[in-house]
Amino acid sequence: MPFDHDTVVGFSKSFGLIYLVVLSVICLAWTYWPSNKKGFDEAAKMPVLEEDDRPWR
Amino acid sequence: MFKFHYRLERSAIGLVAFIILVASIGGFIEIAPLFTIDETVEKAEDMRVFTPLEVAGRNIYIREGCYACHSQMIRTLRDEVDRYGPYSLAVESQYDHPQLWGSKRTGPDLARLGNKYSDSWHTAHLYNPRDLVPQSKMPAYRWLLRDQLRTDDLGNQLAALRAVGVPYTDEQIANAARDAYGQANPDSAEAPGVAERYGEATNIRAFDGNQGPLTDMDALVAYLQMLGTLTDAAFTTETAEAE
Amino acid sequence: MLADFTRAERVGALLILGGLVVVGLAMAIGGRGDILGVHGWLVAGLSLAFFFGAIRQFDLPEPSAARLSEYYDAPTRAGIILTLIWGVIGMAAGFWVAALLAWPDLTFDVAWLSFGRLRPIHTSGVIFGFGGNALIATSLHVLQRTTRARLPDALSPWFVLLGYNLFCIVAASGYLIGVTQSKEYAEPEWYADIWLVVVWVTYFAIYMRTLARRKEPHIYVANWYYMAFILVVAILHIVNNLAVPVSLGSAKSFSLFAGVQDAMTQWWYGHNAVAFFLTAGFLGMMYYYLPKRANRPIFSYRMSIISFWGITFMYMWAGSHHLHYTALPHWVQTLGMAFSVVLLVPSWASAGNALLTLNGAWHKVRDDAVLRFMALAAIFYGITTFEGSFMAIRAVNSLSHYTDWTIGHVHAGALGWVAMITFGSLYSIIPGMFKKERLYSQKLVEVHFWLALSGTVIYVFAMWNSGVIQGLMWRTYDESGTLTYSFLDSLEAMHPYYIVRAFGGLLFVLGAATALYNTIMTIRMPAEVEPDRGQDLPAEPALQAGE
């Protein structure tokens, strides 16, 4: 395979698109996966929890 | 599959690796092909390198922050071509380390400034822009006429430029300081060597109006008078398109 | 400072400072006859002063073990003050360069007072001095609270904070004496760049070491943003600053890249400095301090994750919209444009998330100027990102590029978003950090808010007007097909706007100065009475009645 400009550009255009679509799907699936909901809801409370303002150990 | 996410979320290293992966590929895909672009960029046989005096002038242009108000990139738009001249080609800045395309035009574009005005106009304009252009917003650069130009490190500068890819010859590097002096002193013994090493099209003149010791003004005006004249490629491309 | 250090850390501090003195002297000697020598003396002098300061405190008693049950906030306290000082310096420089554009003869024939040398003091002073210190100070605060872990040691956070400020000082003083690479927002020369890498690696190490000892398995989203900021800025900084110095004794270097490759690398850096320095880092700030102040969890945690990954992957592609219609290949321009437009989705998700968090707490926004700063920041973030996507469209960009419109856009983001979220966040932690019940004056916060808002609006409207007028004048043709206006005509038309802009900037600086004053006065207020449980009890057991 000749490693010329057109090849590199072609690879960028095709692989770049696949890469983006795949990453978006992974990200969306993970975020909205039902079993992950509980963990996220708890995480959201982190800044507002009324705990002692000191390290845990 | 979701075991992976579970771990990613809980492991700081995983998060770091994922951020790097996600973020760096985008830039790589856009930038990497530009390094094979040499194959498709216009070839310009007549493209010459900067003379040592022009390199020194370019350094002053950078030092004073001229790039903050002046671009050196004429876009492919009708009004820009009508106002400033043929649009800029990639080849014209191929020896610009770094490029000075600029991002703002508080003052006009300078890509084709070379030989548009006289040396004395430039010297007077840099000395006090408002003497020639009353509405000008440009600072008065009077110190350029006062300050002596430093030439002792010009050889090192050309050598460093060669290290990043500008094709300077050993002879050009060895004679850098001498050529800088010669280019602004047409009557001196150093002058003929400049044309020999950089081509007959090189401007060899007393840029600040005085022969003798070099000032920062000599260097900056030499640089400004060279802008857009390193190659005729932009002009020939335009005629080819017109035909 | 040294009182918080263990003996080993004190030795470490002396070794680092001693090493810096040696490096400074080497630069001074190697760079004699070059501007590098000036910076050598500066580095050696500053390090020597700190070295002697450290020796004087060397024999202080070691800190007690009780410190480990507290968060380590001293670097954050110092960082807050440095943020405000750099803010006033950077914004005052901005006001001055704005005045220079209206009245250029204010240069007074002094090289270092000229526009070209002062402008990077404004940009670096505000982005790196003000923004960078704010990010370091708040990230160390947020990191400890969300992991519920104390910073791993006392030496490294101080090294990061002071080392970073050394970078800022070298950068700013360099511009005045003519040291610059000319790459916008990456102006500092090679030796300052190398130093920043050392500081940055330490900063990253603090993050990882603290996260390793966290209580909650889940890492709170604010930390993701701070981490993206640290990591991606490192990548951008290293790649864009690759250069070959003229010699080891010279301040001057030549970029490894030239022409079109350099332009793309530069704007890949430039745009992502906006994305990861001025957006991701400050979003981290917003995702912690805004819910905290409003006392409500973020509206949708999931949306914050989606916007995080959206911003992280898409911003990297958008840089080429700075190069529309130039010699950059067309497909790269198109790609940059497309991604810039899509970026609106995660950007508005963040802005919307912030505002929806406040939904139901608008009375707090009305009454509390601190929360109002944050709410306004979210609004400006939404406006600016919309404008940014719009300006990245090639047809719009043909008009807006090279004009003041870009300057207006940048300041809508910098003043409206970055500075407002910073001021809001800092005000919210200053009383707690300095162990006071409240700020010195709530009224001054109110004054600051209105100064900041009116300054921003005046500035941005002036630049929108001048930018659009400029762009239109440049492309207007008359019936005979020739350009109607000369460049000078357009320059003349800008004059009134430049005066208005300087006035808007002045209001904003006055606001920042108010914040600095308010903070100093807060620190000088009498200390809050510690709720010491033993205090109210008599020293001797009281006699029981009847004894």
Step through the residues of the range C:245-251 one at a time and calculate ³J(HN,Hα) from phi using the Karplus curve (6.51 cos²θ - 1.76 cosθ + 1.60, θ = phi - 60°), rounding each to whole Hz and writing x for Gly and Pro.
x, 4, 7, 5, x, 10, 6
Output wanted: per-residue J couplings in Hz (rounded whole) for the range B:78-90, from phi through Karplus 6.51 cos²θ - 1.76 cosθ + 1.60, θ = phi - 60°, x for Gly and Pro.
4, 5, 6, 5, 5, 7, 10, x, x, 5, 6, 9, 4
Which of B:Y223, C:Y440 has the fewest other C-beta atoms within 10 Å, and how do the rest follow up to the most?
C:Y440, B:Y223
Please compute the contact order of the range C:1-59 in relative form: average sequence separation of alpha-carbon pairs under 8 Å and at least six residues apart, divided by the residue count, as a percent.
39
What ³J(HN,Hα) values, in whole Hz, does the Karplus curve 6.51 cos²θ - 1.76 cosθ + 1.60 give for the range B:151-157 when θ = phi - 60°, with x put for Gly and Pro?
10, 5, 9, 5, x, 4, 5
Averaged over residues of C:310-318, the number of beta carbons from other chains lying within 10 Å of each residue's Cβ is 6
Cβ-Cβ FRET estimate between A:D53 and B:K116, R0 fixed at 56 Å, reported to 0.05
0.25
For C:F254, enumerate residues with amide H under 5 Å from its amide H, sequence gap 5+ or separate chain, H modeled in the peptide plane.
C:V244, C:V246
Let's test the formula: R0 of 30 Å, r as the Cβ-Cβ distance of A:S14 and C:A395. What FRET efficiency results, to the nearest 0.05?
0.65
For C:K435, A:K38, C:K252, which order do you get if you count the other beta carbons within 10 Å of each Cβ and list the fewest first?
A:K38, C:K435, C:K252
Using amide H atoms built in the peptide plane, which far-off residues or other-chain residues are under 5 Å from C:F58 H to H?
none
If the limit is 23 Å between Cα atoms, which of B:K137/C:K252; C:K215/C:K292; C:K364/C:K443 go over it?
B:K137/C:K252
Check: C-alpha center the range C:17-37 vs C-alpha center the range C:273-318, spacing in Å is 41
Gain in length, C:L176 to C:M1, computed as 0.36 nm per residue apart minus the alpha-carbon separation, to one decimal in nm?
59.9 nm
Could you tell me the calculated FRET efficiency between A:V21 and B:A189, based on Cβ-Cβ distance and R0 = 56 angstrom, to the nearest 0.05?
0.25
Highest GNM mean-square fluctuation, chain B, Cα pairs closer than 10 Å: which of B:M47, B:M226, B:M217?
B:M47
Would you pull out the residues with amide H under 5 Å of C:T403's amide H, same chain only if 5 or more places away, H placed 1.01 Å from N?
B:R105
Report the label-to-label distance for C:A493 and B:D79 in nanometres (one decimal), using points 7 Å from each Cα along the Cα→Cβ vector.
0.8
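Here, each number is a calculation from the coordinates, and none is a lab measurement. Keep in mind that this is a model prediction, so the values were computed, not measured. Virtual Cβ from ideal backbone geometry, glycine too; neighbours counted across all protein chains shown.
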